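J.: Handing you this structure, nothing more for now.
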Amino acid sequence: MMTEEELEILIVEDNEGDALLIQEYIKDEFPNAQLSHAWNLAQAENLLHEHHYDLIFLDVSLPDSSGKDSIVRVVELANTTPVIVLTGYSDLSFAVESMQLGVQDYLNKENITASSLQKSITYSVERNRIRLQLIDSDKRFRSIIENSIDGFALISADGKIQELSPYGNSIIGFDPLENAGLFQMDFLHPEDRKMVLSIFFEVLSKPGSIKLLEFRYKRPDGSYRWMESTFYNLIDNTAVKAIVLNYRDVTLRKKEEDERKLLIEQLTQTNDYLKQFGFIISHNLRAPLTNLLAISDLINPDQMPDEQTATLLKAVKISTNQLNDTLNDIIKVLIVREQKQRNLEEISLTKAWSNFIGLQKSQIAIPDCEIITDFGNPSHIYFDKEYLDSIFGNLFSNAIKFASTKRPLRIRIRSFLSGTDTVIEFSDNGIGFNYQMVKERIFGLHQRFHDTLGGKGFGLYLIHSLVTSLGGSIRCESEVEKGTQFFIHFKNSKHD
């Protein structure tokens, strides 16, 4: 009901009795309505020029105008205001014609009651509100289409272009509507015609279906441009009754994709050459290096007759061992990068660490230090055991190598869950380093952060390679004279 609305209504009626009756009915149903009255069309025109109304009642038999002429004139002046026609005759054909001229309702004065008038006013105002919303929506939609950088076209089932957005012409370089509106197959690249036709007929056969495709289209200057297009079958949609074609020029993107593809191919080829070179070098160095190691083991510098020779032999032995360690590190990285199949298994962290530290104690002298472990939750990871041993080995040796002389070494290792990942935190209270200065290169090859201490700058690079090769990640935090923390993320599941 609209009884609380203050409607402003104009009544154009030359019969005083009819005008008073209509006003009385309106006041009964809409007490707050503001009513104006015009005796003829001229007065109505003056009022409509000066004021906007929410509704107009129009008698089609006025002293200065009648019939269709009155309706056409008032509808024109009313603009968006709904018009209800009043007549003293029952003429169905005239009623239909009146509705076609733009009026909202048609009432016979002989049958008007307060109730029928209330319904007519309510329905007319509501229908008009919906009509205006649709008009506004259509304007917004058309504005979007007309200002879009994409092209839009409506294509009939027989391939004729029914409508085309303004920007669509600039994309293809001409107006296809000038060529009988036909979709110009001759302008498609010969290699793409069969594919485009096949997709068009496939979409045509399935109402509601959508297909995305890319093809080349020839512009008037003879150059071909890449188009990304979508065919959308809306033939069964009564508001569209066509296949909607949305298209855009993606020539630049295709060029960039081709350049990127070529670059990837070149990088892959270069990487393969480098891996092959690395394997060749490591293989060719292995035999002479093994001989040097054997010879250096046979010679005891302490048995040399003079000190200078002994010193030189010790230096040769140290350099040979360092070269052997470097070669082994290179081979490890090459194997990690090349290996397609890994020996993945469920590993108990407590057992893995216990075996590792036991082996270390049997082979090297471990300085006094406090080692705290907490592998309670989770207690297992799914990983490569050799990789895990190598990660433990590098982190542990770094902790010992970079221990502080100001306090006893303390190492803490624990596991915890972070989202779907298992995280191992390895921390120490060693000398640390300025993380903010080196964070961009911390896991790079041959990166060293302490000039006065030994190290090849290879360990963290190897750890990063091992972890990331199986889909994990690693990050680091460190402060000078406070220590270093590493957080290694492992995937929880066999299927991750």
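A short reminder: the numbers here are calculations on the coordinates, not readings from a lab. What you see is a predicted model, and the numbers here were worked out from it, not measured in a lab. All Cβ positions, even for glycine, are placed from backbone atoms using ideal geometry, and neighbour counts span all protein chains on display.
J.: Amide H of residue 373: which non-local residues (sequence gap of 5 or more, or other chain) have their own amide H closer than 5 Å, using H built in the peptide plane?
T.: Result for residue 373 returns 413.
J.: Another question, then. On a full-extension model of 0.36 nm per residue, what is the gain between residue 77 and residue 420, subtracting their alpha-carbon distance, rounded to one decimal in nm?
T.: Extra length from residue 77 to residue 420 when fully extended: 116.6 nm.
J.: Can you flag which of 261/491; 160/254; 218/255; 194/254 are past 25 Å Cα-Cα?
T.: 261/491; 160/254
J.: Can you tell me how the chain classifies by the Cα gyration tensor, rounded, prolate or oblate, using a/c under 1.5 as the rounded cut?
T.: Judged from the Cα gyration tensor, the chain comes out prolate (a/c at least 1.5, a/b above b/c).
J.: Please tell me the relative contact order of the stretch 344-491 in percent, rounded to the nearest whole number, where contacts are Cα pairs under 8 Å and at least six residues apart.
T.: For the stretch 344-491, the relative contact order is 24 percent.
J.: Multiply the residue separation of residue 250 and residue 224 by 0.36 nm, subtract the distance between their alpha-carbon atoms, and state the gained length in nm to one decimal.
T.: 8.2 nm
J.: Between residue 302 and residue 326, what length in nm is gained on full extension when 0.36 nm per residue of separation is reduced by their alpha carbon distance?
T.: Difference between extended and current length: 6.0 nm.
J.: Between residue 438 and residue 240, what FRET efficiency comes out of the Förster formula 1/(1 + (r/R0)^6) with R0 = 56 Å and r the beta carbon distance, rounded to 0.05?
T.: Once rounded, the FRET efficiency stands at 0.35.
J.: Going by a ≥ b ≥ c, the root eigenvalues of the Cα gyration tensor, does the stretch 367-406 fall in the rounded group (a/c under 1.5), the prolate group (a/b larger than b/c) or the oblate group?
T.: Oblate, because a/c is 1.5 or more while a/b does not exceed b/c.
J.: I would also like to ask the following. Rounded to the nearest 0.05, what FRET efficiency do residue 113 and residue 137 give with R0 = 35 Å and r taken as the Cβ-Cβ distance? Could you check?
T.: So, using R0 = 35 Å, E works out to roughly 0.45.
J.: Any aspartates and glutamates with Cα under 13 Å of the residue 351 Cα? List them, leaving off those in the same chain fewer than 8 positions away.
T.: 374, 389
J.: Quick one: 3J(HN,Hα) in Hz for the stretch 76-91, Karplus 6.51/-1.76/1.60 with θ = phi - 60°, rounded, Gly and Pro as x.
T.: With the stated coefficients, the stretch 76-91 comes to 5, 6, 5, 6, 9, 7, x, 10, 10, 8, 10, 8, x, 10, 9, 9 Hz.
J.: While we're on this one: Could you calculate the FRET efficiency of residue 28 with residue 6 from 1/(1 + (r/R0)^6), where r is the beta carbon distance between them and R0 is 22 Å, rounded to 0.05?
T.: The calculated FRET efficiency here is 0.90.
J.: Cross-link candidates for residue 314: which lysines have Cα within less than 25 Å, leaving aside residues fewer than 8 places away along the same chain?
T.: The qualifying lysines are 401, 456.
J.: Please give, to one decimal in nm, the separation of the simple spin-label points placed at residue 170 and residue 477, each 7 Å out from Cα toward the Cβ.
T.: Simple spin-label model gives 5.3 nm for this pair.
J.: For labels at residue 201 and residue 286 in the simple 7 Å Cα→Cβ model, what's the distance in nm?
T.: Label at residue 201, label at residue 286, 6.2 nm between them.
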